Amino acid sequence: MKTYLPQIERRILVRPNQTFGILNYDTDNAYPQRMLELVGQSPTAKDCWNKRAKFIAGNGFEETSFGKHIINSKGLTVTKLLKAIATDKALFRGFGIHVNYNANFKIASVNYVKFEDIRMGDTDSAETAEKFAIYNDWGRKTWKNIMRSKITFLDKYNPDETIIKQQVKAAGGWDNYKGQLFYFNPEVCDYPLIEADSVWEDFETEAGIKIFNNREVTTGFLPSTMLFMQSRREEADNSADNGKSNTPSQLEKDLGSFQGAKSAQKIIVIEYEDESAKPEFQPYAIQNNDKLFETTERSVEARIIKGFSVPRELINAEKSSGLSNGGEKKEAIREFNDNTAADRLELSEAMEELFSHYFVNINPKANWAITPIPATVADDAIGIKAGAAINQLLQSPIPAETKIATLIYAYGFKQAEAEAMCA
């Protein structure tokens, strides 16, 4: 008996692309580029990504002198490299680092490579197996077609002297040798999904809500209305266009300029010769989009936060109780530090692997650890000041109704809580 799950599909499809000698990153070979655009359009997703990147990079290396070393001719420091790969790790769960060697087979330069620019070489081809293709426009945003001549192939990272000799010989000497790529990929032989791939549809939903709100503002929150009027006499003026287009009448132009947030309080005057020529505006009922979108927005935001595994207190800190002394945020920071500890360890191990083969010893103490974000950033003074202000409010001689309203709207208490405090 055969079984199958008709409603579950693979998020990405990996197929060989013989034209470019790579494995496609999904059917359009642009999965990372699509996810970047979706995250960029979703405020909550962008905030969650930034929070993850911040906690993975932490406060930098414990050995600060190690982080200050410049590791290539462009002035890149170890700390800047850490922040760059932590940003990729936070979203794509992987990262890439390009290294090149000197004649002593030691790493002489280290460069950051954007994860979205990396594609694995076609394993069925001897020329591209164990290689990676680097190209900055797989999504075809700049050019309509991918230019094969601009794709750079790098060998897979392997610091073994014998392997490097073989690679240099195959490249035609040191002058033609392009180095290796250290490619961290949690899926090993497959492309990884982004951190919150299970909720990427919510990125698109939140972006749509943002666009809807913008349209509501630009149209002045006007209700949906149908305009009934006699056929335009101005149609005769458009005969030169052979009926392909119609020039807007003056009435249409006036109605268009009447809409929008900047057109509020304007008066439009419409003249008509007889009663039959009088335009009729007929509103039609639609759903209460305002409430509908508000509910959707809250649920979408919650799912995105859950998808990135970020504590809600670090995203919606303003919704915390007014009597909080910072304890909730401190606990959230400790929790998120624990959640991202494995990521920091993986970055530390990558740095140790690479810079242990560097041509000079830039970390004599061999301390590769990354400092977590300290929980002390949740300042207790904020909660103390809020508590003092509430106590002062409760002891003031103002009416109880005013106290209750202040507790509800200024400090976020519920009606029952505010009434109990003022009893």
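Would you please name the residue that is surrounded by the most Cβ atoms within 10 Å (Cβ to Cβ), looking only at residues in segment 396-423 that are free of Cβ contacts under 8 Å to residues at least 40 places away in the same chain and of a type in the set (Ser, Thr, Tyr)?
Filtering segment 396-423 for residues that are free of Cβ contacts under 8 Å to residues at least 40 places away in the same chain and of a type in the set (Ser, Thr, Tyr), the one surrounded by the most Cβ atoms within 10 Å (Cβ to Cβ) comes out as 406.
Name the residue, out of 134, 146, 151, that is of a type in the set (Val, Ile, Thr), in contact (Cβ under 8 Å) with a residue 40 or more places away in the chain and closer than 29 Å to residue 342 by Cβ.
Values: 146 fails: closer than 29 Å to residue 342 by Cβ; 151 fails: closer than 29 Å to residue 342 by Cβ.
Just one listed residue meets the conditions, 134.
Report, by residue number, each residue of segment 152-208 that is among the hydroxyl-bearing types (Ser, Thr, Tyr), surrounded by 15 or more Cβ atoms within 10 Å (Cβ to Cβ) and more than 19 Å from residue 96 (Cβ to Cβ).
205
Just the residues that are part of a loop (DSSP other than H, G, I, E, B), within 31 Å of the chain's Cα centre (by Cα) and over 30 Å from residue 345 (Cβ atoms), please, taken from segment 144-187. Lay out the reasoning, then the answer.
First pass over segment 144-187, keeping only residues part of a loop (DSSP other than H, G, I, E, B): 144-147, 151, 157-160, 172-173, 177-179, 185-187.
Among the residues that remain, those that are also within 31 Å of the chain's Cα centre (by Cα) are: 144-147, 151, 157, 179, 185-187.
The answer is 144, 145, 146, 147, 151.
Give segment 165-201 a look and list any residue that's free of Cβ contacts under 8 Å to residues at least 12 places away in the same chain and polar (S, T, N, Q), or say none.
Passing the criteria: 166, 176.
Find the residue count for segment 162-198, including only residues that are among the β-branched types (Val, Ile, Thr) and over 24 Å from residue 95 (Cα atoms).
Of the residues in that region, 2 qualify.
If you go through segment 161-193, how many residues are under 20 Å from residue 118 (Cα atoms) and of a type in the set (S, T, N, Q)?
The number of residues fulfilling the criteria is 3.
How many residues are assigned to a helix (DSSP H, G or I), buried (at least 18 other Cβ atoms within 10 Å of the Cβ) and not hydrophobic (A, V, I, L, M, F, W, C) if we restrict to segment 57-76? Lay out the reasoning, then the answer.
The first filter runs over segment 57-76 and keeps only residues assigned to a helix (DSSP H, G or I), leaving 57, 64-67.
Filter again for buried (at least 18 other Cβ atoms within 10 Å of the Cβ), leaving 57, 66-67.
From what is left, the residues that are not hydrophobic (A, V, I, L, M, F, W, C) are 67.
Residues flagged as assigned to a helix (DSSP H, G or I), buried (at least 18 other Cβ atoms within 10 Å of the Cβ) and not hydrophobic (A, V, I, L, M, F, W, C) within segment 57-76 amount to 1.
Residues being in contact with a Gly (Cβ under 8 Å, 6 or more places away or on another chain), hydrophobic (A, V, I, L, M, F, W, C) and assigned to a strand (DSSP E or B): count how many of those fall in segment 77-113.
Result for segment 77-113: 2.
Just name the residue that is nearest to residue 11 (Cα to Cα) out of those in segment 86-145 that are modelled with pLDDT of 95 or more and acidic (Asp, Glu).
If we take residues in segment 86-145 being modelled with pLDDT of 95 or more and acidic (Asp, Glu), then 116 is nearest to residue 11 (Cα to Cα).
Check 342, 285, 366, 317 and return the single one that is surrounded by fewer than 17 Cβ atoms within 10 Å (Cβ to Cβ), modelled with pLDDT of 65 or more, farther than 30 Å from residue 102 by Cβ and of a type in the set (A, V, I, L, M, F, W, C). It would help to see each step written out before you state the result.
Values: 285 fails: modelled with pLDDT of 65 or more; 366 fails: farther than 30 Å from residue 102 by Cβ; 317 fails: modelled with pLDDT of 65 or more.
Just one listed residue meets the conditions, 342.
The values are calculated or read from the model by the stated rules, or taken from the named source; none is laboratory data. On a predicted model such as this, the values are computed, not experimentally measured, just so you know. Please note: Cβ atoms are built from the backbone with ideal geometry, for glycine as well, and neighbour counts cover all protein chains shown.
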